[in-house]
Amino acid sequence: MAFLILLLSSCAKHEPEVDFKPLQMHWVLAEGEDETLMPRKDECVILLTARLMAEPPVQASSAGELSYKVTYGRSPENPKILKFDGICKDLSIMDKPECRWEATCDADCKVVVNFHNGD
């Protein structure tokens, strides 16, 4: 039995723990979009929110809680890809790296986030 416990503990991956930063997301459907044409939207929103909470710029933020206005819709290049544009609602920290980002969620619900770093 002790061998089994030793074997299981040596095989377990030890990922570093991440403190998730609290976020408030205010979702806004892009003009001219139709949510019924976005069947994976809810899954993408959940995955995106979890991903953002762990992103280094968000983790490094001095803000206690970040609040974003997120506009979402289908990508003009590929309607199977959902596109999200996030911007901080607190204008006083707009120049911070964590305040402007865009993300995509593809047909397999793979989320990619890119921060604009004040650009």
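What follows draws every value from the coordinates through simple rules; no lab data is involved. All of these numbers come straight from a predicted model, not from anything done at the bench. Methodologically, a virtual Cβ is constructed for each residue, glycine included, from the backbone with ideal geometry; neighbour enumeration extends over all protein chains shown.
Across all directions, the shadow cast by the convex hull of segment 18-62 built on its C-alpha atoms averages 4.0 square nanometres.
Here the simple spin-label model places points 7 Å from the Cα toward Cβ, and for Gln24 and Lys69 these points are separated by 1.4 nm.
Assuming 0.36 nm per residue, please report the length gained on full extension of the stretch Glu31 to Asp106 beyond their Cα-Cα distance.
25.0 nm
On the basis of the beta-carbon distance and an R0 of 25 Å, Leu91 and Ala54 show a calculated FRET efficiency of 0.50.
Cross-link partners of Lys89 among lysines, defined as those whose alpha carbon lies under 17 angstrom from its own and excluding same-chain residues fewer than eight positions apart: Lys21, Lys69. Listed by chain and number, the lysines placed with their C-alpha closer than 16 angstrom to that of Lys80 are Lys41, Lys110; residues fewer than eight positions away on the same chain are left out.
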